[in-house]
Every structure is written in structure tokens, then in C-alpha cells.
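Asker: Below you'll find the structure I mean.
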Amino acid sequence: MDDLEKWPEIDKAAKEKRRELVLQGTAVDSRVSSNGGLSSAIFSLKLLNYLEVSQCPSLTEIHEDIKHLTNLQSLILCRNKLASIPKVIGSLGSLKVLDLSVNSLRILPEEITRLGELNTLNVSCNSLECLPEGLSQCTKLSTINISKNHITGFPADFYSDRLDLLSTVVASDNSIEELSGDVHKLSALKMLDLSNNKLSEIPPDLSDCPKLKEINFKGNKFKDKRLEKMVNGCQTKSILDYLRAGGRGKGKGRQGEDGDDAEGGRNADKKKRQRKKKKAAADDEDEEEELNKLVVKVLHVSDAPAALTVTVSGEVKDVRPYLVCCVVRGMNLKSGNSLKRFLMAQTKLHDDLCGKRTTATIATHDMQLLKAPLVYDAKPPTQLKIVPLGRKEITAVELMRQLQLEADEQRKQKKRQNVSGLHKYLQLLDGKALYPCLLDADGHVISFPPITNSEKTKIRKTTKELFLEVTSSTSLQTCKDVMDALIAKMAELNKFTAEHKEEAGSDGEGEAPPEPAADSNTSSELIVQQIRTVDQDGNLKVVYPSKTDLSNDVSNLTVVW
């Protein structure tokens, strides 16, 4: 696998010690074709925790050297023509997400079952005929998608109480002939899709899955024609109730062959009471979980033709190179003290997770006041002009000088070294020949990290749509972690506001007089619009949020894709 040409993305990732790399599209596919595979240099990027190689029809295999990428948490190899996966995949012990969808795989190596941290496995749209034995060893597995293959059944150990986190199973459009009654051992199962298979019956034990909320068995030909009619038109609860009653036999299916056996009848009644008790406990748990749930819906860039794209200039490379952005809708800033709580939460994130802005800086803008497209650039201090929050337009060099004088005055008055406000961040730009900034379509600076935002795009109680940015000089993953925490906090604050039904009021900035709470946003669901960040040549740097984001730390955060 000799490299016949340079791969600039790999060189850049190595030089900048990046933790994410995305290779996709026709330009990459052309290099894969001429090189006979991926560049060997990719396997020396040992810091990578996210690797995506997609939409490359010339990619038919992955070299065994992938075993060197031991820090990988997400490996996305979708929409290629992979015919096999090397056995060394089992040595990637940190892997949490494995996406091999839309390839030409006929078999999966058994070594996949060694991935103890794996929580998401997507092998849909391949030519698989079976799954490897031993999947129950992947005890952290939460989601598995095996749809659109030629699979005839699940391995025996798949129905295991060791998979107590498995909540989503998508196995539609296969040739599965039987669903075992042991399916009830999957105690966390919430969604099961077995549509368009070759099932002739559904085991009554399925109704014993305590958390099951959504099933799809359409497109199967069942012996029980009433059941077949129900799966094509009834809600999940009705189908599970029918199964619980034993289907056509009205309970005989659970009592053994001798329907007159009194002992058998008593045992069946006892089991039925136990199942009801178990289900009632699960329903109570689900109700509590539902009440505490924080919901974030992600709107994909492909679903929003006018979605923003932020271009990153090469000038920021040595100043503050990392940036992630997104747009949030549904945040209620109008009611009561909701805006104040949000700003206080942002300050706390700056002090704690952002290390007093030394590792990352958050900026928030009113989306309606932005003029796209946006460019993340770096300018000399004398050329960077901004209208800082609460101040008049000024150059960065003058602003820094002014803040330094204020800081000195603060120290004299308080007779101590510590200062407050923007003054405590001045040293973060010491020695920099260029200052980072975010520019709108008119060339106006709307953000000057890590110091301040522009008054022009300041959020207020009337803001309905927020543009969020996080910048860092540390790493892209740092930006993502901070943005994850910010969105989770916004969801939490939004739920608090909705539940307490505070009245809208003034924020002291000349807003309209108080309005009834009914006019304010009472839904706590947030909608997050993905934003692409690209380089000057239009090559993708990052899209946020991706499917590996917003997945950690917040147990009650539900992300809808």
C-alpha cells in the first residue's frame, strides 16, 4: 500500500494533532482508486477519536494497520464498497460507534464481539446472512441496525439479560423466520422493527418486555390472521395486549397443552399477576423518566437547504484554530428570569468547563440579526473593529488598552491582584500578532473570542433563534464537549421555564411590558440545526452536531434525529 500522492487532509491532521478526520466524496474516491486504498499515513494518526471515510465506491477493504488507531471512539465507514472488515477491528477497545452501512459485506468478523465499549452498531444495507455469535459480550450495546440484509435469524446469545442497555433493534427487510420467546430478557428494549421479514408468529413473551413502546411487524405473513391485521393497523399497546392474552387462544398459549390442568392454570395466573406487577413498576419508571426527559431534536443540514455554512480562514491556524457552531430554536428567553438564568449558566460554563476561557469560549448571537455567510478569520489588532457589548465601536488594540487601564484601576480600588469582568481574560491574547474574529457578510466583526461579542447581534428576551459558537485553541473535541454541555443546559433551563410558567417581563432594556404566560413559549423541546464548518476551499472540517455528539453525561437527554 505505497502512497502515490499526498493526502493534504491527513498531513493537516498530523500537523495540527487533530482528533477528528473526515474523508468523503469524489476527490477522495479518486485518490483511493489511484492509490489502491487509503493512504498508509492515516494509520499513524494515533490521536484520532473520530474517523469517517464515506462515499468512496473504490474503497473495497480496510488495511489491518487500523489496529494502531486505539483511541478511536467512532469509526464511520458508510457508503463505500467494503467487501470485508479485518479481524483486528476487535483491538479497538475504545470504539463506541461503528457504522458499516451501505457496503458489500457478506460476513462480520467475530472479533467485533470484543468491542466492550460499543453502544451503536449500524450494518444496514449490506449482504449479511448472519450476525456473529457472542454479541452479548458487547454489554454496552444500545442501538443495533441490521436492516436491508439477508439475515435469517438472531444468534442464540442475542436474547441475553447481559444486553440490559439494548433499547433499539432495527432489523427490517431481512429473511428472519423466528423471534425467540427469550426476547423478554432484553429488559431495556423500547423499539423493535422486524417489518418485511418471514415471521409466521410473534411470541407472547414479547409483551413481557417492560419498556417496549414501539414495534413494527408489517410485511410479515402470520398464521394468526387477526394478528396480521392488527400489526398493519393497530397501536403497539393493542398488539401487546393481544399477545398478553394469548392471541386467538385467549390465554391458552401460555398455559401448556392441558387447558384443564388446575395447577397449570394457577401457575399461569401467578405469572400473569407477576407480569402485571412488573409492567406497572416499569410504567411508573417510564412515567418518571418521561417527566424528567429533556428533548433535543436535530435538524440535518440536508433538511434545510438554506442552512448556514461557516468558512474558516487559514489565518486562524496559529491563533485559535478550532470552531463549532449550530443554531438553536425553541429557547424561551422571554418568560420571567429565563434570560438572566441563561446568561448566568453561560458564565458558569466559562468559569468551570472552559477553564475561565483558557480552553474554550462561548458566544451567543440573535440569529435574526446575523448576515450570512459567516467567516472565521484573524486580523491585526489595529484592523479589527468591533462594537463590544455595552460599548461604542472601537479597534481591538484600543479595546485591549482600555480594558487594561480599567483593570489597573480595579486593582487600585480593591487593593488586590484579582480583577473581574472582561479584564481577567486580557492575558489570553498576549503576544498574538493576529486576533481571531467572526465576520458577517458585510465584514463586520460579530465576535472577538475570547474577549467579547458584538452589541449588534446581542441576544435579548425577544430572541427566538440563537446562533451558538464555541472556539478553542486546544482541540476540536474541546469545542464539541463545551457545546454539548451548553445545549444540555439550555434544554434543562427551557424545561424549568416551561414547568414554572413564569410571566414574560422586562429585562431592564426597554422591552415591552409584561405579557401573560400563555403568550410565551411553553414547550421545552429544543431544535438544533446542524452547521457545517468548511475551509477556504470548501472542504468539510466539521458538522455539528454529528451523531456522536450530545450522547454523553446527560442521562435524561433524548436526542431525536
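What follows draws every value from the coordinates through simple rules; no lab data is involved. Remember, it's a predicted structure, so these values are computed and weren't measured experimentally. Glycine also receives a Cβ, built like all others from the backbone with ideal geometry; neighbour counts cover every protein chain displayed.
Asker: Using per-residue counts of other Cβ atoms within 10 Å, averaged over each peptide, order 340-347, 39-46 from highest down.
Answerer: 39-46, 340-347
Asker: I've got another one for you. How about the stretch 132-187: which trypsin sites (Lys or Arg not before Pro) there are in a DSSP loop, with at most 15 other Cβ atoms within 10 Å of their Cβ?
Answerer: On the way: sites: Lys140, Lys148, Arg162, Lys185; in loops: Lys140, Lys148, Arg162.
Of the trypsin sites (Lys or Arg not before Pro), the ones in loops of the stretch 132-187 whose Cβ has at most 15 other Cβ atoms within 10 Å are Lys140, Arg162.
Asker: Would you list the P(r) distribution for the stretch 159-219, with all Cα-Cα distances sorted into 10 Å bins from 0 and each bin expressed as a whole %?
Answerer: 24, 58, 17, 0
Asker: What size of dipole, in debye to the nearest 20, comes out for the stretch 1-121 about its Cα centre when the only charges are +1 on Lys and Arg C-beta atoms and -1 on Asp and Glu C-beta atoms?
Answerer: With only Lys, Arg, Asp and Glu charged at Cβ, the dipole is about 220 debye.
Asker: Which of Ser302, Ser313, Ser167 comes first, and how do the rest follow, when ranked by fewest Cβ neighbours within 10 Å?
Answerer: Listed from fewest to most nearby Cβ atoms, that is Ser302, Ser313, Ser167.
Asker: Further question: So, counting K/R as plus one and D/E as minus one, what does the shell of residues with Cβ under 13 Å around Asp352 add up to?
Answerer: +2
Asker: Sort Cys325, Cys130, Cys138 so the one with the fewest other Cβ atoms within 10 Å of its own Cβ comes first.
Answerer: Going from least to most buried by this count: Cys130, Cys138, Cys325.
Asker: Looking only at Cα atoms, what is the convex hull volume of the stretch 1-121 per residue, in Å³?
Answerer: 85
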